[in-house]
Amino acid sequence: MAPTARTGSWKHRFKEQEQLLANADNILRLSTLTEIRSPEDVVTLHRHLGACIQETRQLEDKLAKKLSKKLKNQVPNNGRGIQRQNSIGPFLAWLKENGAKMNGCSIAAFEGYGLGIKLDQTAAKNSLIMSVPSKLFMSTDSAKRSILSNLFDKLDILKNMPNVLLAIHLLVEKFSPNSFWKSYINTLPKTYNTILYFTQLELEELAGSCALEPSYTQIRSIIRQYAYFYKVFATLDDEIGELMHGKFSFKEYCWAVSTVMTRQNLVPLAPNQTFLIPLFDMCNHANGGIITDYNPETDQLECLASKDFQEGEQLFIFYGKRSNSEILGHNGFFYEDNEHDYRLVSMCTAVPKRVELLKSMGMPPSFLIQITKDTKTISDDLLAFTRVMCLPSDQIDQWMPKEKSAALAKPDCPLDAQLTKRCWDYLKIRLTVELAHFKTTIEEDLEILNKPNLSENMKLIVKLRLSEKRLLKSFAAVVEEMSQK
């Protein structure tokens, strides 16, 4: 639990800070509610949290105006400052000064991507394109060596959540006028398209998507973290407390968390560490592009060409095998050519006899169907699980022996025609229910995408809905075709 404010802390400086502390208490109470039984309860909770955050933003804006008149060297709380494009020159000078190298490549703007890395000349496969010394990395380790060291020793959340530690570290450096990473931080985007920047109405447009529940969970967690740290920083009379005074806000915390979410990397430099790597994180995502590795002999991250590149090409890195739902949640974009996209459909049972039968078959009482664009058949495990779900109650016992239950996973299992039809109908209904959870049809989504002035967030949402519906429809066609055989 966060400490309460004491004499000399923020609470006794401006009335807005007293109100923000009260808001933080309310946010902590709401975000830890356990009596959430239905999707409707979740929506209601987030509407209440949204109202608290709206009030918090308004109070923080009022506070920032007061502090801008009172405090010197005030870092703007609205994120304005050096324009990102104008920061590239000083950033390149800083990189060169500290040993980073760019071999025939440069930072350039790309339509639909923002800034990225461009080849200024041809590059042969396996040639070194750029390298970044480890001393330029922002990491959980550099956070522990900073003025956060004492706070790290006191707070479990900083010890147990490296991404949170890195986000707070990033804010400390952003607010420090003489930060070593100042040139790097100035190149970072001023805002993002992560779910933390979605309105409540936009979030509700994710109804039916696999992204909805994880998004709500993540947002609750970030809101709770903000409230916790606001109360922590409000009690501090040390260097951290002074630095965060009037600067730490919900907007700034969302920015820091989004920066870490979208740009963090794991490097085999030290176990259990998370990194922000200047220059390297300018690379956008695609399937393939460059090979990256940490070279312990030179103590640097090295990026090699994975193929022969032509002049003018953009260099990409592969962020990992993720569905578009996960990419939207973690990185704030939609990848049109995602070869690894999938849609999950869950099935489960709590009926004791069915659970027992599944256990005898070595299967859990729940099952996830992972549907991809290449899913053209039904797995034996899905077939077995569906049959167990559809067996009449008075027939379950006769399938308990292992020699009989094993047959349920075989396509030629001797089932009567009525039970076979029941299994196919069960799958069809399950997919129909999944599609019914969406607010719109495929045709309606296509019309929405053609509307002028559609926000970037809504474009992401509609594209995700479309991709998930198409996967569900594709698998429904597979089930229909197999049911006819």
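The values are calculated or read from the model by the stated rules, or taken from the named source; none is laboratory data. Just so you know, these numbers come straight off a predicted model, no measurement behind them. With ideal geometry, Cβ positions are generated from the backbone for all residues, glycine too; neighbour counts draw on all protein chains shown. Remember, those area values only see protein heavy atoms, side chains included, never the ligands or the DNA or RNA. Shrake-Rupley method; radii C 1.70, N 1.55, O 1.52, S 1.80 Å.
Quick notes on this one:
- Per-region count, segment 350-383, residues under 22 Å from L471 (Cα atoms), touching a helix residue (DSSP H, G or I) at 6+ places or on another chain (Cβ under 9 Å) and hydrophobic (A, V, I, L, M, F, W, C): 6
- Checked against the criteria, E480 counts as of a type in the set (D, E) and over 23 Å from the mean Cα position of the chain (by Cα).
- Residue within segment 306-317 that is in contact (Cβ under 8 Å) with a residue 24 or more places away in the chain, more than 27 Å from M102 (Cα to Cα), open to solvent by 40 Å² or more (accessible area, probe 1.4 Å) and of a type outside the set (V, I, T) present: no
- Conditions (1) at pLDDT below 95; (2) farther than 24 Å from A64 by Cβ; number of the one not met by T191: (2)
- Filter result for K439 (closer than 30 Å to Y192 by Cα, in contact with an Asp or Glu (Cβ under 9 Å, 6 or more places away or on another chain) and either modelled with pLDDT under 95 or not polar (S, T, N, Q) (or both)): yes
- Any chance E35 is open to solvent by 20 Å² or more (accessible area, probe 1.4 Å), of a type in the set (D, E, K, R) and either assigned to a helix (DSSP H, G or I) or at pLDDT 95 or above (or both): no
- Scanning segment 402-424 for residues that are closer than 19 Å to V351 by Cβ and free of Cβ contacts under 8 Å to residues at least 12 places away in the same chain yields a total of 1.
- Tally, over segment 85-115, of residues that are surrounded by fewer than 11 Cβ atoms within 10 Å (Cβ to Cβ) and under 22 Å from Q310 (Cβ atoms): 2
- Among strands (runs of 3 or more DSSP E) entirely within segment 263-333, having at least 3 residues that are under 30 Å from R465 (Cβ atoms) singles out 314-317.
- Any pair with Cβ under 9 angstrom, 6 or more apart, that starts in segment 375-387 at a residue that is in contact (Cβ under 8 Å) with a residue 12 or more places away in the chain and buried (at least 18 other Cβ atoms within 10 Å of the Cβ) and ends at one that is in a loop (DSSP other than H, G, I, E, B) and basic (K, R): L383/K410; A384/K410
- Test for S467: is it of a type in the set (G, A, S), touching a helix residue (DSSP H, G or I) at 6+ places or on another chain (Cβ under 9 Å), open to solvent by 70 Å² or more (accessible area, probe 1.4 Å) and touching a residue at least 24 places away in the same chain (Cβ under 8 Å): no
- Filter result for the condition that a residue is open to solvent by less than 20 Å² (accessible area, probe 1.4 Å), in contact with a helix residue (DSSP H, G or I) (Cβ under 6 Å, 6 or more places away or on another chain), within 25 Å of L301 (Cα to Cα) and at pLDDT 95 or above, over L170, L158, L136: L170
- Qualifying residue in segment 301-311 (condition: within 22 Å of L166 (Cα to Cα) and at pLDDT 85 or above): yes
- Residue check, K251 among the charged types (D, E, K, R) and either modelled with pLDDT of 95 or more or buried (at least 22 other Cβ atoms within 10 Å of the Cβ) (or both): yes
- Just one of (1) open to solvent by 20 Å² or more (accessible area, probe 1.4 Å); (2) modelled with pLDDT under 90 fails for T274. It is (1).
- Every condition in (1) modelled with pLDDT of 90 or more; (2) aliphatic (A, V, I, L, M); (3) not in a loop (DSSP other than H, G, I, E, B) is met by I378 except one, and the failing one is (3).
- Test: residue in segment 157-170 that is touching a residue at least 12 places away in the same chain (Cβ under 8 Å), in contact with an Asp or Glu (Cβ under 8 Å, 6 or more places away or on another chain) and farther than 21 Å from I53 by Cβ: no
- For segment 393-414, the set of residues classified as touching a helix residue (DSSP H, G or I) at 6+ places or on another chain (Cβ under 8 Å), exposed (fewer than 15 other Cβ atoms within 10 Å of the Cβ) and assigned to a loop (DSSP other than H, G, I, E, B) consists of M400, K410, P411, P414, listed by residue number.
- Within segment 334-364, the set of residues being buried (at least 18 other Cβ atoms within 10 Å of the Cβ) and within 32 Å of the chain's Cα centre (by Cα) comprises F334, Y335, N338, D341, Y342, R343, V345, M363.
- Exclusive hit being surrounded by fewer than 21 Cβ atoms within 10 Å (Cβ to Cβ), over 24 Å from T34 (Cα atoms) and at pLDDT below 95, set T235, T217: T235
- Some residue of segment 197-219 being part of a loop (DSSP other than H, G, I, E, B) and under 18 Å from E239 (Cα atoms): no
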